[in-house]
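Peer 1: Just passing along the structure, written as structure tokens.
The values are calculated or read from the model by the stated rules, or taken from the named source; none is laboratory data. Bear in mind that the values here come from a model prediction, so they are computed numbers and not experimental data. Here Cβ is always computed from backbone atoms with ideal geometry, including for glycine, and neighbour counts include all displayed protein chains. Quick note on the areas: whole protein, heavy atoms, side chains included, nothing else; ligands and nucleic acids left out. Shrake-Rupley method; radii C 1.70, N 1.55, O 1.52, S 1.80 Å.
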Amino acid sequence: MMSGTLIFESSLSDKAARYKELLPQLEALIHGEKDETACLANAAAALAECFHFFWVGFYRVQQTQLILGPFQGPVACTRIHKGKGVCGTAWEKNQTILVPDVEEFPGHIACSSLSRSEIVVPIHFTNGDVAAILDVDSTELNNFDEQDRLGLEAFCKLLEKHLYSA
Ligand code: SME
């Protein structure tokens, strides 16, 4: 897709319907484009537009660190070590982490004091290693639930297949 407008007709509160509308539009956005930065940049923009999240972005695995990639929102920390913060923990444990209250997460890295809850989803290479992580932050406490986990994992699966599969 060269350019275009995203269309969301479901109510912002109907998360499942909203993710269902988002996924085919992500597919259309990345179709025919293999450049990692270009695809992640549009993926972050589409997700931010769909839910008006405070911060949406990717960190890419580079040797022993995560390095900030394409994102939408306020400026953020550029490097996170394995096992550090929510992002580094999701990488180390290779699992989605849902944080209802960032103040309750030991070692949480506060890029913005406005961020109150977050969800982090790993994106894998075919061999299961983590290629990147998706981080989504909200200014509301307890903003993320199972619908977000399912929706964002499906979102990341599309990126996995498109960018990181052999
Ligand atoms: N809160 C994250 C750091 C990244 S920013 O929120 C964009 C963490 O604890 O890993």
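Peer 1: What number goes with the only condition from (1) within 16 Å of the chain's Cα centre (by Cα); (2) more than 11 Å from the ligand (Cβ to nearest atom); (3) polar (S, T, N, Q); (4) assigned to a loop (DSSP other than H, G, I, E, B) that residue 126 does not pass?
Peer 2: Failed condition: (1).
Peer 1: Next question. Of all residues in region 21-66, count the ones that are over 23 Å from residue 139 (Cβ atoms) and either assigned to a strand (DSSP E or B) or among the aromatic types (Phe, Trp, Tyr) (or both).
Peer 2: 4
Peer 1: Within region 149-166, can you find the residues that are among the small types (Gly, Ala, Ser) and either in contact with a helix residue (DSSP H, G or I) (Cβ under 6 Å, 6 or more places away or on another chain) or surrounded by 14 or more Cβ atoms within 10 Å (Cβ to Cβ) (or both)?
Peer 2: 151, 154
Peer 1: Going by the structure shown, is residue 111 within 9 Å of the ligand (Cβ to nearest atom), at pLDDT below 95 and surrounded by 19 or more Cβ atoms within 10 Å (Cβ to Cβ)?
Peer 2: It is true that residue 111 is within 9 Å of the ligand (Cβ to nearest atom), at pLDDT below 95 and surrounded by 19 or more Cβ atoms within 10 Å (Cβ to Cβ).
Peer 1: Can you work out which of the residues in region 129-148 that are assigned to a loop (DSSP other than H, G, I, E, B) and among the acidic types (Asp, Glu) is most open to solvent (accessible area, probe 1.4 Å)?
Peer 2: Result: 140.
Peer 1: Quick one: residue 73 ticks every box in (1) more than 9 Å from the ligand (Cβ to nearest atom); (2) touching a helix residue (DSSP H, G or I) at 6+ places or on another chain (Cβ under 9 Å) except a single one, so which number is it?
Peer 2: (1)
Peer 1: Another one. Determine whether residue 79 is closer than 28 Å to residue 165 by Cα, open to solvent by 70 Å² or more (accessible area, probe 1.4 Å) and either at pLDDT below 95 or within 14 Å of the ligand (Cβ to nearest atom) (or both).
Peer 2: The answer is yes for residue 79.
Peer 1: Right, another one. Mind listing whichever residues of region 67-85 are part of a strand (DSSP E or B) and of a type in the set (S, T, N, Q)?
Peer 2: Once the filter is applied, which keeps residues that are part of a strand (DSSP E or B) and of a type in the set (S, T, N, Q), region 67-85 yields only 72.
Peer 1: Of the residues in region 86-108, how many are more than 27 Å from residue 162 (Cβ to Cβ), of a type outside the set (Asp, Glu) and either away from the ligand (no atom under 11 Å from the Cβ) or assigned to a helix (DSSP H, G or I) (or both)?
Peer 2: Result for region 86-108: 2.
Peer 1: Filtering region 53-67 down to residues that are within 11 Å of the ligand (Cβ to nearest atom) and over 11 Å from the mean Cα position of the chain (by Cα), which residue is most open to solvent (accessible area, probe 1.4 Å)?
Peer 2: Step by step, filter region 53-67, then rank; the result is 54.
Peer 1: Oh, and also: Out of the residues in region 137-147 that are out of contact with any strand residue (DSSP E or B) (no Cβ under 6 Å at 6 or more places or on another chain) and in contact (Cβ under 8 Å) with a residue 40 or more places away in the chain, which is farthest from residue 16 (Cα to Cα)?
Peer 2: This residue is 139.
Peer 1: Could you grab the pairs with beta carbons closer than 7 Å, sequence gap of 6+ or different chains, first residue in region 85-99 and under 15 Å from residue 59 (Cα atoms), second one within 9 Å of the ligand (Cβ to nearest atom) and of a type in the set (S, T, N, Q)?
Peer 2: 97/89
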